[in-house]
Every structure is written in structure tokens, then in C-alpha cells.
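Below is one structure; the comments refer to it alone.
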Amino acid sequence: MNDEWTVFQALLHALDKAREYNPADQVAPAAILWPDRGGEWLELLPRLRAELPQLLTLGQYAPEAKTGPAIWLRCMIARTLPEADWPEDATPIIYLPGVSRRELRAVEDCPKPLRPLAELQHRGVLFSQVSARDWTILAFLVSDDGGLGLEVAQDKATIEAMRRALRVLADTQIAALRGKKLHAGDFDELVNPDETRSLLMWLSNPDALRAMLDENQWGSFTARCRSKYGFDPEADGPMVAAERLGAQEGNWAHVWRRYAEAPASYPGIPELLRQARPTVTDSLFFDRSAWPQDNEEMEDELRAALAALGDASPADARAAIRDLEAKHGERRGWVWAKLSQAPLARALEPLATLARVTATALGGATPHAIAEHYADGLWQADAAVLDALAAVERNADAQAVERAISTLYKPWLEAAAQQFQQAVDREGLPAPDTLEPPDGTCIVFADGLRYDVAEKLAEALAAAGAEPAIGWDFAALPTVTPTSKPAASPVADLFAGDDTGEDFQPHLKADGKDLTAERFRQALASRGYAVLAEDETGAPSGSAWTEYGSLDRRGHDEGAKLARRIDEEVRGLALRVQELLEAGWREVRIVTDHGWLLLPGGLPKVELPHYLAETRWGRCAVLKPTSKTEMLTVPWRWNPQVRIAPAPGIGCVVAGREFAHGGLSVQECVVPMLTVKGAEPGVEVTIEGVRWVGFRCYVEVAGGAGLTADLRTKVADAASSIAKGGRDVDEDGSAALVVEDDRLEGTAVNVVVLDADGNVLVRRATTVGGDGDAA
């Protein structure tokens, strides 16, 4: 269903869809039978008749309302009566209030008045749910299959309120009902809207609100407008009200706040505000936030300013961004940002972060020191680029943002890559650690999960209640999937490389066969790892490997537009991790093969002579054994005798590529190691025995640690203790509790065991001085 429709429009659409058939093997239905056992849709009949001349109703004979008994309805369908005046291509709809589908199904058991209609179920179609139940109002609202797919409470009060609200509900836009669980109060508010909401609804669509209210409701509304808001809807009209709404003075300030909370619910107001903007303003005190053309003017101004940064120096661009943020940052709180009409103001926030972070050069003398500096916060530059690109969609906006990014980010990225490459040239790059997960661990491999995206993932998991721990390691070289994916696995020791390094693909040590996807899975299985499909959770014992996500593929396919996919990928990966933890895995480790460079407009083109290289990819090449070069070279992870030449800086041998990997940069080589642990299984605590010797009670406890035993007359009340607050349970599970007041002999009490926080874990009834417990 289209969320821009009203509920009534959606109902008309559903009725129209019911008549669809396949002309290749079916004939057109003779009629659409609409059973409604509870008569829930009766209130909409007049409106439905106005829209659907082919709508007939079972009932007392009233031809002017196209209502009559079953035999009359049969005549109408046959078009033997003059009242059958609907278009030839329209399928008659027979509305059956008080009749259920079940009553029609068996002709022999069908009530006599309905029998003329019973056979129509074979020549026609039934307008009902897929489950064959009648379309109640509730079912139509909540069903995902033919209904609106809304979330609605199903208690008696809500259902009654829904039925009362049907007439108003019918004119409600579906989008206004989505996004929360609807309860009785929501439907009652539709019938009796508060004055502020009514005023906003009237401003958005005056005719619709007037049609919705009866004379008494309309009179009350206009009187309230005159007394509280100082205008007459009939005499002054919407324009006067819109000007006062934008001015936000007196009682109108509250109306504006209500509008700003959910501006999408009142789609007619922005254009009204545009028309109502005062032409003469006091520039010193005039509030521009309420008027759409002022926001648009400032967006145009910001677009031009960002585009001009393409010709600025990085230092001047950073200063300009700070000034622009001071001027435009407040617009992210304006109503126009909520309506997605201030994309550049939104993009300015991550651009300000980019300006701040890139003021600091990536430092460190060794690859490890540089990686630590990057992971300590400089990754935020990469995240800011993605966020800024994701904030804009229109070409003109994207181009302006890209020019600002090019000035701020490109030289910083180049300098960082050179710094890292120089450190690797001096020190080499340590090989990644071998992955050795404990039992109960599911490894999730996410192809191309760059470090900054992993930080976003950790944030999403934390927001969902998990406690992720993020670390880092170096990727295997070169940073391409055929090499670095198997190196990130727990079976890396099973692979080796030949002397050519062709396609950077290793082989199995055991038989020399190339490492294909199927052989990789077999290698995992040979070590006891369950290999799970994306929709499987497996048995949470031993260890497992599963794969999720498509960041790398999408980056190669879409270039800089990958930025718009990041949130979607992160949400999906977070849900996958939660799903595995909920299935019982004690730990989920998210690993990846490599990161990537992303630069809108394309990475700089570099040349690598063909005579030097056996295999060339975008950011690296395998050198021929006989090649001599002064370029930086690194050993291949799977055969150190094979030399790899990474592209210098952030260069790419393929012109125009915005997304690439395979080279030497912290973005490509510093990969995240994310660990999320499931809830620790609870230890069951039990009272194994209670034994009395005089007024001394001996308690035996099994399970747990750091426990306390006590005797209480009231289980949860520490003040009711008769054993001086109890005693700690010894390591062997025993505790001796003494009752000093012999007058309590024969009193019914409770043995309770508490954790370190004083919570009662278990209790057992007993009698002071008795032979044992009462359980």
C-alpha cells in the first residue's frame, strides 16, 4: 500500500484488486462478495456508494440505495433491472453485512435468504483475508498481506475505539498511522482531536477538516480559534493563520512546537507558509526559521560556499567550514531539516568533523604506532566523509560536498598513506594474528568491513544493549579478498602460495589445489567449524563460521555512492549478530579481510609499467621475478618469495575509480576485530538440606558463590531476620544460623539464600527447632 494514501483510498484499492484474474485461464468474476459478519464497515457505505456505483448491499429493499434481498441482487448482477447502471467494465460488489464467509460456503447449510447468492462464490470472488476470514477493520489495518501492515493493539478498548473512529480514520493518511503501536487513545484522538492538532489539520487541508467535522464540532472549533488564537477561520482564512503560525507569538508558539514535532503529518503547511511570509521584516529580530524560502536561500548560499572550497587550501577550507557551521549549524534543528529540505546543513556537521580531524596529521614511526594513532580517533575522518556523502542526494548538493571533501580529505589521505608506506618500508608489516576462538564462538566474516564502519557497528550493537569490544589487527598483504580472507580465518595454516602469485590466490597445502569457495568451506569443516548460511544460526556449541554483508561488492559497483548504503549494511550486520547471540552463542567475533579507500571524484591515476608486472589490480601488482624497481615492494602473505608492488600513496592504476583496495594505507590495512559476548548463563542455586539441632539451623546450598543464608519471617524483608542478618555460605556450601530467642520455637520461618547484592535467589520453608524443612 502507498503510505501517502488515506485508509479509505487503500480500501478502494483493495476492493479493486480483488477483481483481478488471469485471462489466460480464468474468466472474469461475476461478482465480488464482501462478507462482514460484524457489520463493521456500514458507516462507510454512503462514501463507498459515491465512489463505487457497482456496490450493492444485502438488506431491506431500497433500490435508491442499491440495497435489497438476495434474489433482487441476483437480478441486479444479471442487469435485468434499470438500477444496474454501473459501467460495463466494473465488477459488481455485493456487501453482506451480518453475513460471514462460513455461512456462504455450504449451499445446503446456507440460510434460506442467502441461497440465491451462495453459488456466486463459485462464479465470483470473495473479498476476504488470505486466511479466509472476513476483513474486519482491525484485520485490514494490521495485515501485511492485503492490508496496511500497521502495528495496532488488540485489546477490547482499542478495537471499540477503532470502530468509533472509522469515519475519521478513513480520511487519515497511512503514513500518519505508521511508526508506532496504535492504542485506544490514538483512535479516540482522531474522533475528538485536540484543538492544536485540529488547527494544524485545518491549516494543512481546510476543506478536509471541514468535511470531517459535523456542525457542532465545527462551531466549537471556530469559537476556540477566535477566543484563543485571535482569528476567525471563516472570516480570515488560512493565510492569516499561517502568518501567525510562522511568527510563533503567544499561543501560536505552542502550535508551532506541535507542528515542528511531526511536520510530515501536515503536508499542506509548507506551501501556505511560503505564501504567508511577511514581505516587510525587521531584519534584526526577524526569525527566518519558519519560512521555507529562507531555508532554501541559505541552502543555496551554503552550496555555493562549499563548492568554492574546491579552490581553497586545506587550512583556508577548515577555517571556512568552522564559519559555515557557526552560521548554518542551527538549521539542523529547524523544521525543514526534519522534512529533508536542509541536506547541506546536515552534511555540514560531518564536514566540520572532517575539518577538525584532518587538522591532525597521522603520526608514528612504526606501522604499529601509526595504526594505534589511527584507531585512537583519526578513523573519524573516514567516517565523516561517508556521513557527509550520505546526507545529500541531488547532484548539485553532492558536487558541492565532494569539492569540500576533496580539499579537506584528499591531501590528508595522501599524506597518511605515504607516512604508513614509509614505515612499512623501514619496518615491514607484521602478519595478522592467528584466529583461535574458544568453543561457543561464531565467527562472522564481513567482507570489506573498514575500521570506521566497524565503529558504527559497535555503536549500533551498544545501542541494542550488547557490550561490544573493538580492537584491530593488520590485514594480510596485498589487501585483496583472495589473499586476506583466508588469512583472517582460523584455518590459515592450511594454505600456501605458488611462485607466481597469480590473482593473489593461495592453494591448499595438502594437495596444491587452488583455494575455491567450496574448498575453503571444506577446510573449515575439517577443523570442526560449522559453516552457516546467512539465515542459519546453528547449534551454539563448538565453533562456527558464517558470512554477511556486501560492502566490498557494493563499493566496486557503486563507488562513492556506497556511503548511502553504510547504515543499511550496519543495521543488517547488527541484527545478524543479535540473532546469533539470541540463538545461544556465547561469543560472536566479527572479522574482515581488508578495508578500502573511497574518494569521490576518483583516486589519482598512477602508472605501473606493464613490463614490470605479472598481475595488476587497482592498487597493487605482482612483480615479475626478473623485474628491478625502486618502488616499495612487500612480500605476498602466502609466499614471501613473490614480491607485491603497492601503488604509491593513494594512487590507482585504473583512472576514475572512487573505491579501491589492495594497497598500503591504514584504511586498507588496519582491520577491526570486534567481539560481542552473550549473556553469561545463570548458575542455579538450590537449598539441598535444612537440619535443626536445638536452635541452630544447618543449611546446605549448591551452586553460586558469594552467597548469604538467612532465616526470615518475611522472605523479602531483611528486617524480619531472626538470625542477626544471616551468615555467609562457606566454600563447601554450608552455613550455620543461630536463633537466640527461644520463644520462637515452633515458629514458621523461611530459609533464604541471597546473592552479593542482597537479592533473594531461593527460599525454603522450615520451623524453628524442627527436625528439618517443610519442603
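Mind giving me the FRET efficiency for Arg47 and Glu518? R0 is 56 Å, r the Cβ-Cβ distance, nearest 0.05 is fine.
0.35
Could you compute the net charge surrounding Ala574? Neighbours are other residues with a C-beta less than 12 Å from the C-beta of Ala574; K and R count +1, D and E count -1.
In short, -2.
Over segment 363-439, what relative contact order in percent results from Cα pairs under 8 Å that are six or more residues apart? Write out the running numbers ahead of the final one.
Working: 26 pairs, mean separation 34.8, N = 77.
In percent, rounded to a whole number, it is 45.
To one decimal place, what Kirkwood hydrodynamic radius in Å is obtained for segment 200-265 from all pairs of distinct Cα atoms?
It works out to 12.3 Å.
Cut-off 16 Å, label point 7 angstrom out along Cα-to-Cβ of Val693: give me the residues of segment 757-771 whose amide nitrogen falls inside.
Label zone hits: 769-771.
Label-point separation (nm) for Lys624 and Glu88, each offset 7 Å from Cα along Cα-to-Cβ?
Simple spin-label model gives 8.0 nm for this pair.
Segment 1-89: which chymotrypsin sites (Phe, Trp or Tyr not before Pro) are DSSP loop and have at most 13 other beta-carbon atoms within 10 angstrom?
Within segment 1-89, the qualifying chymotrypsin sites (Phe, Trp or Tyr not before Pro) (loop, at most 13 other Cβ atoms within 10 Å) are Tyr21, Tyr61.
Once all Cα-Cα distances of segment 209-316 are split into 5 Å bins that start at 0, what whole-number percent is in each one?
2, 10, 15, 19, 17, 11, 7, 6, 5, 2, 2, 2, 1, 0
In terms of Cα to Cα distance under 22 Å, which lysines are near enough to Lys714, apart from those fewer than 8 places away along the same chain?
Those lysines meeting the cut-off are Lys724.
Using a 10 Å cut-off on Cβ atoms, rank the peptides 662-671, 423-432, 348-357 from the highest mean neighbour count down.
Answer by packing, highest mean first, reads 662-671, 348-357, 423-432.
Ignoring everything but the protein chains, give the 1.4 Å probe accessible area of Glu684 in square angstrom, nearest 10.
140
Can you pull the one-decimal nm distance between simple spin-label points at Arg167 and Asp155, each 7 Å off the Cα toward Cβ?
2.7
Considering only protein heavy atoms, what is the solvent-accessible area of Glu325 at a probe of 1.4 Å, reported in Å² to the nearest 10?
Number for this one is 50 Å².
Wrap a convex hull around the Cα atoms of segment 1-88, take a quarter of its surface area, and give that in square nanometres.
Computed as one quarter of the Cα hull surface, the answer is 7.2 nm².
Which whole-number percentage describes the relative contact order of the chain, with Cα contacts under 8 Å and a sequence gap of 6 or more?
Details: 1391 pairs, mean separation 63.5, N = 775.
Contact order relative to length: 8 percent.
Lys228 to Glu20: FRET efficiency via 1/(1 + (r/R0)^6), r the Cβ-Cβ distance, R0 45 Å, to the nearest 0.05?
0.35
Using Stokes-Einstein with the Kirkwood hydrodynamic radius over Cα pairs, what translational diffusion coefficient do you get for the chain at 37 °C and a viscosity of 0.692 mPa s, in µm²/s rounded to a whole number?
My calculation gives 99 µm²/s for D.
Would you mind putting 382-388, 85-91 in packing order, based on average other-beta-carbon counts within 10 Å, highest first?
Going from most to least packed, we get 382-388, 85-91.
Efficiency by 1/(1 + (r/R0)^6): what FRET value for Gln418 and Leu339, r their Cβ-Cβ distance, R0 = 41 Å, to the nearest 0.05?
0.40
For segment 54-137, what D do you get in µm² per second when you plug the Kirkwood radius from alpha-carbon pairs into Stokes-Einstein at 37 °C and 0.692 mPa s?
On the way: Rh = 13.4 Å.
So the translational diffusion coefficient is about 244 µm²/s.
Measuring from label point to label point, each 7 Å out along Cα→Cβ, what is the Trp5 to Val760 span in nm?
Between Trp5 and Val760, the simple spin-label model gives 5.6 nm.
Taking one equal scatterer on every alpha-carbon of segment 4-148, how large is log10 of I(q)/I(0) by Debye at q = 0.10, 0.11, 0.17 1/Å?
-0.32, -0.39, -0.98
Multiply the residue gap between Arg426 and Thr747 by 0.36 nm, knock off their C-alpha separation, and tell me the result in nm, one decimal place.
Value of the extension gain: 107.4 nm.
How big is the antiparallel share of DSSP beta bridges in the chain, given as a percent to the nearest 5?
Restricted to the chain, the bridges split so that about 65 percent are antiparallel.
Once the convex hull of the alpha carbons of segment 286-395 is built, what does its volume come to per residue, in cubic angstrom?
So the per-residue Cα hull volume is 115 Å³.
What full-extension length gain, to one decimal in nm, is calculated for Asp236 and Asp730 as 0.36 nm per residue of separation minus the Cα-Cα distance?
Value of the extension gain: 169.5 nm.
The values are calculated or read from the model by the stated rules, or taken from the named source; none is laboratory data. Please read all numbers here as calculations on a predicted model, not as lab measurements. FYI the Cβ positions are ideal-geometry reconstructions off the backbone, even for glycines, and counts take in every protein chain you see. In case anyone asks, the SASA skips ligands and DNA or RNA and just uses the protein heavy atoms, side chains included. Shrake-Rupley method; radii C 1.70, N 1.55, O 1.52, S 1.80 Å.
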